[in-house]
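Take a look at the structure set out below.
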Amino acid sequence: MKPNSMIVARNPDVISNMLDEECVLINISSNEMFVLNPTAAKIWELIDGKTSVSDIRKSLSSHYSGVQDLPYALEQTLDSFISKQLVNYA
């Protein structure tokens, strides 16, 4: 994973739609669809091309107070998003 100061940006070829606490992503360049769980959907929501990994972590910590493995979940989710070409580091 990249340093905490890195900015995360969505791939412009990915369309997203929120459904309750889940999110559906469609990568139109690869014709792949992904359904995100509530935590991954919250991470996706926080990715705006302006917010650093550190600030995303802070927002998650305040939203999910008391959850111990949030840094690990964030790292794993961002790594997954990158491997699926849903996001990149700006």
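No lab work stands behind these numbers, since they all come straight from the coordinates. Being a predicted model, the structure only gives us computed values, none of them experimental. Cβ sites come from the backbone with ideal geometry, for glycine too, and all protein chains shown count toward neighbours.
Things worth noting here:
- Any chance Thr51 is surrounded by 15 or more Cβ atoms within 10 Å (Cβ to Cβ), hydroxyl-bearing (Ser, Thr, Tyr) and in contact with a strand residue (DSSP E or B) (Cβ under 8 Å, 6 or more places away or on another chain): yes
- Yes/no for Lys84 being surrounded by 14 or more Cβ atoms within 10 Å (Cβ to Cβ), within 9 Å of the chain's Cα centre (by Cα), farther than 12 Å from Val8 by Cα and not small (Gly, Ala, Ser): no
- The selection criterion, being outside any strand (DSSP E or B), in contact with a strand residue (DSSP E or B) (Cβ under 8 Å, 6 or more places away or on another chain) and either loosely packed, with under 12 Cβ neighbours inside 10 Å or not polar (S, T, N, Q) (or both), does not hold for Ala9.
- The set of residues in region 48-87 that are in contact (Cβ under 8 Å) with a residue 60 or more places away in the chain and of a type in the set (A, V, I, L, M) comprises Leu78, Leu86, Val87.
- Number of positions in region 33-72 that are over 22 Å from Ala90 (Cβ atoms) and either within 12 Å of the chain's Cα centre (by Cα) or not in a loop (DSSP other than H, G, I, E, B) (or both): 10
- Evaluation of Leu19 against (1) surrounded by fewer than 17 Cβ atoms within 10 Å (Cβ to Cβ); (2) under 23 Å from Asn4 (Cβ atoms) (one fails), failing number: (2)
- Scan of region 1-58 for residues that are basic (Lys, Arg) and closer than 14 Å to Val87 by Cα, ordered by number: Lys2, Arg10, Lys50
- Pair list, Cβ under 7 Å, 6 or more apart: region 24-47 residue touching a residue at least 12 places away in the same chain (Cβ under 8 Å), other residue of a type in the set (Gly, Ala, Ser) and part of a helix (DSSP H, G or I): Thr39/Ala73; Leu46/Ser59
- Residues that are closer than 17 Å to Ile7 by Cα and not hydrophobic (A, V, I, L, M, F, W, C), drawn from region 58-90: Lys58, Ser59, Pro71, Glu75, Gln76, Thr77, Asp79, Ser80, Ser83, Gln85, Asn88, Tyr89
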